[in-house]
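Every number here is computed from the coordinates shown, using simple stated rules; none is lab data. All of these numbers come straight from a predicted model, not from anything done at the bench. As a convention, Cβ positions derive from the backbone with ideal geometry for all residues, glycine included, and neighbour counts pool all protein chains shown.
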Amino acid sequence: MKVAIFIPCYVDQFYPQVGIATLELLEKLGVSVFYPEKQTCCGQPMANSGFEHLATSCNDLFVENFSGYDYIVCPSGSCTLHIKDHLHASANEPAAEKIRSTVMELTEFLTDVLHIKNLTAHFPHKVGLHQSCHGQRGLHLSQMSELVSPGFSKPQHLLNLVQGLELIPLDRTDECCGFGGTFCVAEEAVSVKMGKDRIADHLHHGAEYITGGDMSCLMHLEGILRRQRSTTKVIHIAEILNAG
Amino acid sequence: MEAQQHTASKDHATLADTFNRDEPRVDWHDKTLWFVRQKRDKAAWQIPEWEHLRETASQIKHNVLANLHHYLLSFEQQAQQNGVTVHWAANAEEHNQIVHSIIQKTGITRVVKSKSMLTEECHLNDYLQAQGIDVVDTDLGERIVQLANEPPSHIVLPCIHWKKEEIGELFHKHLGTPEGNSDPQFLTAAARVHLRERFMTSPIAITGVNFAIAETGEVVVCTNEGNADLGVQLSDVHIACMGIEKLIPERKHLGVFLRLLARSATGQPITTYSSHFRKPRPGQHMHIVLVDNGRSERLGSDDFRNALKCIRCGACMNTCPVYRRSGGHSYHYAIAGPIGSILAPALDMKKNADLPFASTLCGSCSNVCPVKIDIHDQLYKWRQVLAKDGYVGSTKKNGMKGMAFVLSHPRIYRISGSVGRWVSRHMPFLVSNSLNPWAKQREMPTAPKQSFGEWYRTNKRKA
């Protein structure tokens, strides 16, 4: 099985520890991981702002970097969804199509391909799980509160395998945190209010850590937590699953 | 309307910012609407086949949109056979003129109107008032916003942004209720007395239409207050105004929609009244005005056609985390929230270019939609259309061009990254400028010594 990891640009630049944890975790689980070094970005920042048509060369580069693998694993639901839904390559559409069907978010790769039932991870803390919308509603990593359908959650399944970890309940299990890409600055007031409300829910239930599959949401929540001088921290799910 | 004129020039973000200056009020607004969303969830879970019901409704509407021409003609023919006068309006202006000319012929100037988002879309009240017609909205929530000289902030709950104490003050000023009395039951009773007088003295009733049945030529109006019925039963002339997308093929399809509508809207199993208006009673005149106003253009668009499936339940507003925290008026369009944000740009791209961006694309709206409109996907698609057609500012466009360039050149990306974390200066959500909206209420992420790529090259690169 030939697996490449795609480390989103902002993770590369700001949260290298998330990329390292992803790589180490996969290697620990017996996967030999390739990191195409010329990778940059999925193109979502342009596309979500309405400029999908400017992302052509970024898309071509993605296809060039990630062709020839069985799976492409990414520690971000949002970037994964963007690739799945919007990656096209004018010169090599079959390659783009292959990538669209083999790109996977980290937790779904762990549950659906590796079928992980045990982990050696140890993380003795009270943890709140933030369900990022693109992973949840877009990739269907867990059941959505809007639908009349049986419950399941891939990230929660994995967190339950971590020794010592106590998952806290939330009043609103899958409300958006308000990051939303450019939304977080273009609609600053609502974005921050949404983030504050999400954090209040986690704090009210005693979270020491807020975790999730998307560092972008967590970066936004971290910014608010730090401004509030809160002792609660954010941590990517890869870091927890790789802990200890 | 004062509020509408006032808000027209400001964009969603600005209006939302103003709304957020009173945080306890935002909390109250959010909780009030979240409560409605929870009621909707409970009602939906009572129906084990809920998701099947949504799919069925979506498919029925799909059929309607694919054969709209046929259903419209069939509806018109049936309605005419029932003794109803059918009018066709290409746009809002024609609609308003038709309604006015019907009223004018009677020589009457007092009109009652039950809830109709179409007449809000067409600004009928303003138009009629300018022609000297005294029109009173008889839905309680609508009457409250009308007295306050405001547009509704929600399509099902028009005055959801008003607190009962404020309604007490408003009624004291306009209806002469005792100062300081904000008891909902008392205020409702006062409104009843006030509206009863209008019902008794207004021989013309305008209603909206929730569903129009092609098979029978009848229209169905759903209310909780019975105000549509009372208005019509007491009137000499009934004018029903509807968008051309309100059709359903046959009566047997109605049950699917009635089961979905109120559960999605408020969590009730069904609205208190589901009134069928098929023919005028002897001596009464009944008119139906069929309005296009951009709908047939949307019908021709693969990307945006599904928006016409909307049954105006408001579930997407109640679930929208942005709507709950920005208020309905921040959308500066007759229909607020996610559905309004995909309908408004179709009518006026320039004026409503901000609305598809007033969303995090979280997707909750599409999940609650009883007719399964792909709302958040359409928001994304509208963004592409607006950017391509030049409705997104040039600063943003140039920034995007620069970013697209760097992100498609790995070497430049790496170099820019290492010299001061290029991303922190160019990522649209982290752009630092003099105002730096990120940092107003948030700390910036701290840049690490090494990027992941640099770490990999140092520690992991395979020879």
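Quick check: Cα centre of region B:18-58 to Cα centre of region A:127-144, how many Å?
18
What list do you get for A:L114, A:L106, B:L361, A:L119 if you sort them by fewest beta carbons within 10 Å?
The most exposed by this proxy come first: A:L114, A:L119, B:L361, A:L106.
Would you please classify the overall shape of region B:1-101 from the alpha carbon gyration tensor, given that a ≥ b ≥ c denote the square roots of the eigenvalues, rounded means a/c under 1.5, and beyond that prolate means a/b larger than b/c while oblate covers the rest?
Because a/c hits 1.5 or more and a/b fails to exceed b/c, region B:1-101 counts as oblate.
Which order results if A:M194, A:M1, A:M219, B:M349 are arranged by neighbouring Cβ count within 10 Å, fewest first?
A:M1, B:M349, A:M219, A:M194
Which whole number gives the average count of other chain Cβ atoms within 10 Å of the Cβ atoms across peptide B:323-331? Please list the in-between numbers first.
On the way: counts 1, 5, 10, 4, 1, 0, 0, 3, 0.
Per residue, the average neighbour count from other chains is 3.
For chain B, just give the cysteines left without a disulfide-compatible partner, judged by no other Cys Cβ under 4.7 Å.
Isolated Cys, chain B: B:C122, B:C159, B:C222, B:C241, B:C310, B:C313, B:C320, B:C369.
Using the Karplus equation 6.51 cos²θ - 1.76 cosθ + 1.60 (θ = phi - 60°), what ³J(HN,Hα) coupling, rounded to whole Hz, does each residue of region B:390-407 give in order, writing x for Gly and Pro?
Those phi angles translate into x, 9, 10, x, 5, 4, 5, 4, 5, x, 5, 4, x, 5, 4, 5, 4, 6 Hz.
So which of A:K193/A:K233; B:K10/B:K401; B:K246/B:K381; B:K31/B:K309 end up more than 20 Å apart, counting from Cα to Cα?
Pairs exceeding the cut-off: B:K10/B:K401; B:K246/B:K381; B:K31/B:K309.
Whole angstrom only: what separates the Cα centroid of region B:76-150 from the Cα centroid of region B:287-326?
So the two Cα centres are separated by 20 Å.
Measure out, as a whole number of angstrom, how far apart the alpha-carbon centroids of region A:1-39 and region B:167-192 sit.
64
Leaving out same-chain residues fewer than 8 places away, which lysines sit with a Cα under 21 Å from that of A:K98?
A:K2, A:K38, A:K84
Please compute the Cα-Cα pair-distance distribution of region A:3-113 with 10 Å bins starting at 0, giving whole percents from short to long.
Per 10 Å bin, starting at 0, the Cα pair percentages come out as 15, 51, 29, 5, 0.
Tell me which residues come under 5 Å, amide H to amide H, from B:I155 once H is placed; ignore anything under 5 positions away on its chain.
B:A336
Loop-only trypsin sites (Lys or Arg not before Pro) in region B:158-226, please: DSSP not H, G, I, E or B, and at most 15 other Cβ atoms within 10 Å.
B:K163
What translational diffusion coefficient, in µm²/s and rounded to a whole number, does the Stokes-Einstein relation yield for region A:126-241 at 20 °C and a viscosity of 1.002 mPa s, taking the hydrodynamic radius as the Kirkwood radius over Cα pairs? Could you put the intermediate results ahead of the total?
On the way: Rh = 14.3 Å.
Rounded to a whole number, D works out at 150 µm²/s.
Using only atoms on other chains, find how many Cβ atoms lie within 10 Å of each Cβ of peptide A:13-23 and report the average.
Other-chain Cβ atoms within 10 Å of each residue's Cβ, averaged: 6.
Between B:F35 and A:D70, what is the label-point separation in nm under the 7 Å Cα-to-beta-carbon projection?
5.5
Let me confirm one metric for peptide B:16-23, namely the mean number of other chain beta-carbon atoms within 10 Å of its residues' beta-carbons. Walk me through the numbers on the way to the answer.
Details: counts 6, 4, 1, 3, 6, 1, 0, 2.
Mean shielding by partner chains, rounded to a whole number: 3.
Modelled label-to-label distance, B:M444 and B:V193, 7 Å Cα→beta-carbon offset: nm?
6.4
Can you give the helix-only mean residue ellipticity at 222 nm for chain A, where every DSSP H stretch with n ≥ 4 adds -39500 (n - 2.57) and the sum goes over all residues, rounded to the nearest 500 deg cm²/dmol?
That comes out to -11500 deg cm²/dmol.
Could you tell me what fraction of 2.2 N^0.38 Å the Cα radius of gyration of the protein assembly as shown comes to, as a two-decimal ratio?
Normalised Cα radius of gyration, the protein assembly as shown: 1.03.
Please compute, for the alpha-carbon atoms of chain B, the extent along each of the three principal axes and give them in descending order in Å.
Over chain B, Cα extents along the principal axes are 92, 56, 45 Å.
Of the trypsin sites (Lys or Arg not before Pro) in region A:169-244, which ones lie in a loop per DSSP and count no more than 11 other C-beta atoms within 10 Å?
Sites meeting the loop and neighbour criteria: A:R229.
Provide the gained length on full extension for the span B:H70 to B:E49, in nm with one decimal, where the gain is 0.36 nm per separating residue minus the Cα-Cα distance.
Taking B:H70 through B:E49 to full extension adds about 4.5 nm, to one decimal.
In region B:290-396, what trypsin sites (Lys or Arg not before Pro) fall in a loop by DSSP, with at most 12 other Cβ atoms inside 10 Å? It would help to have the intermediate numbers written out before the result.
On the way: sites: B:R295, B:R298, B:R305, B:K309, B:R312, B:R324, B:R325, B:K350, B:K351, B:K372, B:K381, B:R383, B:K388, B:K396; in loops: B:R312, B:K350, B:K351, B:K372.
Qualifying residues, ordered by number: B:K350.
So, R0 is 22 Å and r is the distance between the beta-carbons of B:I412 and B:N459; what FRET efficiency does that work out to, to 0.05? Walk me through the numbers on the way to the answer.
Details: r = 24 Å, r/R0 = 1.08.
Calculated value: 0.40.
Extending each Cα 7 Å along its Cβ direction at A:H122 and B:K252, get the distance between those two points in nm, one decimal.
6.7
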